[in-house]
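Colleague: Can you read through this structure? Questions will come right after.
Values quoted throughout were computed directly from the atomic coordinates according to the rules given, and no laboratory measurement underlies them. Remember, it's a predicted structure, so these values are computed and weren't measured experimentally. For neighbour counting, all protein chains shown are included, and Cβ atoms are generated from backbone atoms with ideal geometry for every residue, glycine included.
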Amino acid sequence: MRFVDEFREPELISKTAEEIRRLAGTQRHYRMMEVCGGHTHAIYRFGLKDILPENIELIHGPGCPVCVLPMGRIDDGLAIAQQPDVIFAAFGDMMRVPGTQGSPLEHKARGMDVRIVYSPSDALKLARLNPEKHVMFFAIGFETTAPSTALTMMRAKAEGIRNFSVFCNHVTIIPAIRAILDSPDMRLDAFIGPGHVSTVIGCRPYEWIAQNESKPIVVSGFEPLDMLQSIVMLLRQLRAGEAKVENQYKRVVPWEGNRAALKAMAEVFQLRPYFEWRGLGFISQSALRINDKYAEFDAEQRFEVPGIRVTDPKAAQCGEVLKGVLKPHQCKLFGRECTPEHPVGALMVSSEGSCAAYHNYEHRKAAMVSLGSIA
Amino acid sequence: MRLEASTAPAAVVSDSAPTRFRDPQIEMAHGAGGKASRKLVEGLFAPLLFGAAPGPLGDAAHVDLNGTTVAITTDSFVVKPLSFPGGSIGELAVNGTVNDLAVSGAKAEALVVSYVLEAGLPTPILEAEVRAMAKAARDAGVRIPAGDTKVVEHGKADQMYITTTGIGRLLRGVNVDPRSVRVGDRILLSGPIGDHGITILLARGELDLEADLRSDTRSVLPLVETLIHAAGPGIRWMRDPTRGGAATSLNELARDCGLGMVLFEDQIPVRDTVRGACELLGLDPLHIANEGQFLAVVSPEYADVAINALCLAPGGSEAQVIGEVREQPAGAVLVTTLYGGSRIVDMLVGDPLPRIC
């Protein structure tokens, strides 16, 4: 398969892994955070830990939109969908995320009209096909998905569609990185920068990380070779005592980002003064709301929203895992009360969540008598 | 759904046996063929219906009738849309049951069929599916001597559901039992995986994706017979990886025999279109349903002859050894890559949901 297989080429991967071992040496321990959930998933799916030296530690960051969504927002969205003639539309990613009364899929099993859509424009299509119903799109995601939500609302406005709204949970990546860096228990050497988000925002917004925090950051693709090459680039910077923003994912990410996408976001959204992140708490100016020009499409303005706040179960240590302070398996609930079939914390729901990824791909491997016997 | 005990239950049906199924309600996941399905079958159906110690659950039960052992199985078909590139519900309803019998080492002799029809179903649609069944039955050499029809109100069923129950004669020279699997055995796959599941996903028209792809629905009996003829004494286990995909079937085997299934990723046949769709949607081909492939575990000395025979047979040219049985990871499936990475692949959890963000 073109554009995929080239980046999974065994010989190149072995060579790059060898270069990483050479650069990493044995004297120093490196802690690198991959910000994006897609990277977390790729690390486990491709078994990259097996080929990295032990002194390179990858810390899973906050870049899984499902994982950082507070449970109260899910309850709010489902409460709206409980009103008569409302269709709840969301990405597949959302369907198993538990609210206090169950996930969207469980609500569907009890009779709620819940639809899986593959893009916001599919939700708008549902609205056109069901004029007697109201379609509420439960929007999630970072800057990766926000532009398509924005364009869909612009389309809805242009067409004069009245039975469509968006329950907006879009968040922005930079404040989350800032919150991680501000956290006193956090010690990081470098960042593997998010690939998909950067296709929209470009590389410039990361410059403060290099300049003010003196941490190298390399925006990376998602194939094994992409990620290994990014680690090589980070090690070179660290060894040279440098801190700059580099772009490994040039085949997709323009340095300046995607102007058309940013323009669409600016047309429809404005920053919320603050927003709650699961595990990280309230972060100021970290999320988007729909601006007054598009108020008619804002589910939060059209419907009575209960504004539910749910505190995470005390025993769950999602926050510590999300900030990279704990490894998934170090949480007290991991693999016992909290499993992919019955997730307590959201990190166990999405396959991009570090707990689910670890549970699915890694933890029985770690429990094996001898790793040597399976390689 | 696998509901069949592979051995005749020693104990009789008991309505007071303790059950372990604690999920508060039935979800779609309980029918998706993965972990939740297994929990339902093992936690509720097996203790009450299959007797105290039913043994590993297989694709068909073997039942003793006055000294003659026959294989029996049943399957319900609720596919949407009814027809799709490469096949339709009628064809699936015959081949699915023929295949469940084949991989339990039996040749289907007769099927009985049960229709649940939704009022308002156009007759031409029904007729087309009955014709598809007749053709598939003729091709597989199986009779359909009896059936039943129920009609439910409009809106209470998705056009039509079909249930087929089949009995089969045991094929000579083969004895499949997961407990006979040993370290060093080879894992065989009859051809590319994921064609059916991805075809259905695309045929629903909910994705703006198109691909030149057809369901793999077919009777696997001819290939199973080829395998038995070539390597019968070496065959330890067979399974057709339908819902839940190859990963779920192999996880069930790993659990039943307590050994590790180690797969070589570059050896697993997957068409580029299926790989592409899976990459886009965040799915794993190992979790995608198949309707015309089977997995087999054979002892190492029979592996080459088995593959050679399959590759020469019509429809078997893409058969591959995809892995081997090892001590570790005990009870689990591990996929290894050429560059030295590896990952555990679990059973499917819930329905495969496309990932977007």
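Colleague: Antiparallel versus total DSSP beta bridges in segment B:61-170: what percent is that, nearest 5?
Modeller: 75 percent
Colleague: Given H placed 1.01 Å from N in the peptide plane, which residues other than close sequence neighbours of B:Gly323 have an amide H under 5 Å from its amide H?
Modeller: B:Ile187, B:Phe264
Colleague: How large is the dipole of segment B:178-344 about the Cα centre if only Lys and Arg carry +1 and Asp and Glu carry -1, each at its Cβ, rounded to the nearest 20 debye?
Modeller: Here the size comes out at about 500 debye.
Colleague: Quick one: the Cα spread of chain A along its three principal axes, in angstroms, biggest first?
Modeller: 65, 45, 44
Colleague: Take every residue in peptide A:140-149, count the Cβ atoms of other chains within 10 Å of its Cβ, and give the average of those counts. Show your work: numbers first, answer last.
Modeller: Working: counts 2, 2, 1, 0, 2, 2, 1, 0, 2, 0.
Mean partner-chain Cβ count within 10 Å for A:140-149: 1.
Colleague: Evaluate E = 1/(1 + (r/R0)^6) for B:Asp212 and A:Leu326, where r is the Cβ-Cβ distance and R0 equals 45 Å; express this FRET efficiency to the nearest 0.05.
Modeller: 0.45
Colleague: May I pose another question? Which of B:Thr123, A:Thr172, B:Thr74 comes first, and how do the rest follow, when ranked by fewest Cβ neighbours within 10 Å?
Modeller: By the 10 Å Cβ count, ascending: B:Thr123, B:Thr74, A:Thr172.
Colleague: Continuing with the same structure: Among DSSP beta bridges whose residues both lie in chain A, state the antiparallel percentage, nearest 5.
Modeller: Bridges in chain A that DSSP calls antiparallel: roughly 25 percent.
Colleague: Out of A:Thr152, A:Thr100, A:Thr40, any idea which swings most in a Gaussian network model of chain A, alpha carbons joined below 10 Å?
Modeller: Its mean-square fluctuation being the largest, the pick is A:Thr100.
Colleague: Taking Cα atoms of chain B, Rg/Rh with Kirkwood Rh, to two decimals?
Modeller: My calculation puts Rg/Rh at 0.95.
Colleague: Report, please, the projected area of segment B:146-279 averaged over directions, based on the convex hull of its C-alpha atoms, in nm².
Modeller: 11.8 nm²
Colleague: Just grab the label-to-label distance for A:Lys314 and A:Glu267, each label 7 Å out from Cα along the Cβ direction, in nm (one decimal).
Modeller: Reported label-point gap for A:Lys314 and A:Glu267 is 5.0 nm.
Colleague: Where does each of A:Phe7, A:Phe191, A:Phe297 land when they are ranked from fewest to most other beta-carbon atoms within 10 angstrom? Please list the in-between numbers first.
Modeller: Working: A:Phe7 18, A:Phe191 28, A:Phe297 25.
By the 10 Å Cβ count, ascending, the order reads A:Phe7, A:Phe297, A:Phe191.
Colleague: Now for a different question. Past 30 Å, Cα to Cα, is the threshold; run A:Lys215/A:Lys250; A:Lys125/B:Lys135; A:Lys49/A:Lys263 against it and keep the listed order.
Modeller: In this structure, A:Lys125/B:Lys135; A:Lys49/A:Lys263 lie more than 30 Å apart at Cα.
Colleague: Here's another thing I want to ask about it. Across peptide B:343-349, how many C-beta atoms of other chains are within 10 Å of each residue C-beta, on average?
Modeller: Neighbouring Cβ atoms belonging to other protein chains average 6 per residue here.
Colleague: Please give, to one decimal in nm, the separation of the simple spin-label points placed at A:Asp5 and A:Lys157, each 7 Å out from Cα toward the Cβ.
Modeller: A separation of 4.6 nm, rounded to one decimal place.
Colleague: Using a Gaussian network model on chain A with a 10 Å cutoff between Cα atoms, which of A:Gly63, A:Gly195, A:Gly111 fluctuates the most?
Modeller: For chain A, modelled as a Gaussian network with Cα springs under 10 Å, the answer is A:Gly111.
Colleague: Post the alpha-carbon centroid distance, segment B:34-95 to segment B:180-211, in whole angstrom.
Modeller: Between the Cα centre of segment B:34-95 and that of segment B:180-211, the gap is 19 Å.
Colleague: For segment A:275-292, just list the computed ³J(HN,Hα) in residue order, Karplus coefficients 6.51, -1.76 and 1.60, θ = phi - 60°, integers in Hz, with x standing in for Gly and Pro.
Modeller: Once θ is set to phi - 60°, the couplings for segment A:275-292 become 8, 7, 10, 5, x, 10, x, 7, 10, 6, 6, 10, 8, 10, 10, 7, 7, 5 Hz.
Colleague: Also: Treat every Asp and Glu Cβ in chain B as -1 and every Lys and Arg Cβ as +1, leave all other atoms uncharged, and give the resulting dipole magnitude about the Cα centre to the nearest 20 debye.
Modeller: Using only the charged Cβ atoms, the result is roughly 580 debye.
Colleague: Something else now. Tell me the trypsin sites (Lys or Arg not before Pro) within segment A:93-155 that lie in a loop according to DSSP and have at most 16 other beta-carbon atoms within 10 Å.
Modeller: A:Arg110, A:Lys133
Colleague: Another question about this same structure. How do the peptides B:186-199, A:49-62 rank, highest first, by the average count of neighbouring beta carbon atoms within 10 Å per residue?
Modeller: Working: B:186-199: 25.9, A:49-62: 20.2.
Per-residue Cβ counts within 10 Å, averaged per peptide and sorted highest first, yield B:186-199, A:49-62.
Colleague: Of A:Tyr274, B:Tyr339, how do they rank once you tally other Cβ atoms within 10 Å and put the fewest first?
Modeller: If I rank by nearby Cβ atoms, fewest first, I get A:Tyr274, B:Tyr339.
Colleague: How large is the Kirkwood hydrodynamic radius of the protein assembly as shown, in angstrom, based on all distinct alpha carbon pairs?
Modeller: Result for the protein assembly as shown stands at 27.3 Å.
Colleague: By the gyration tensor of its Cα atoms, with a ≥ b ≥ c the square roots of the eigenvalues, what is the shape of segment A:164-289: rounded for a/c under 1.5, prolate for a/b over b/c, or oblate?
Modeller: oblate
Colleague: Which Cys in chain A stand alone, with every other cysteine's Cβ at 4.7 Å or more from theirs?
Modeller: A:Cys36, A:Cys168, A:Cys203, A:Cys318, A:Cys331, A:Cys338, A:Cys355
Colleague: Picking from B:Val78, B:Leu209, B:Gly168, whose Cα lies most toward the positive end of the charge dipole for chain B (charges on Cβ: Lys, Arg +1; Asp, Glu -1)?
Modeller: B:Gly168
Colleague: While we're on this one: Given H placed 1.01 Å from N in the peptide plane, which residues other than close sequence neighbours of A:Arg115 have an amide H under 5 Å from its amide H?
Modeller: A:Phe88, A:Ala89, A:Ala90
Colleague: Under a 10 Å cutoff between Cα atoms, tell me which one of B:Met238, B:Met28, B:Met347 has the largest fluctuation in the Gaussian network model of chain B.
Modeller: Per the Cα network of chain B with a 10 Å cutoff, B:Met28 tops the list.
Colleague: Let me ask something additional. Residue by residue through B:330-337, how many Cβ atoms from other chains fall within 10 Å of the Cβ on average?
Modeller: Working: counts 4, 1, 4, 1, 7, 3, 4, 10.
Average neighbour count from other chains, rounded to a whole number: 4.
Colleague: A:Arg302 label point, 7 Å along Cα→Cβ, cut-off 19 Å on backbone N: hits in segment A:230-270?
Modeller: Only A:268-270 pass the distance filter.
Colleague: Right, next: Can you give me the long-range amide H partners of A:Ile308? Hydrogens built in the peptide plane at 1.01 Å from N, cutoff under 5 Å, separation of 5 or more residues or another chain.
Modeller: The answer is A:Asp76.
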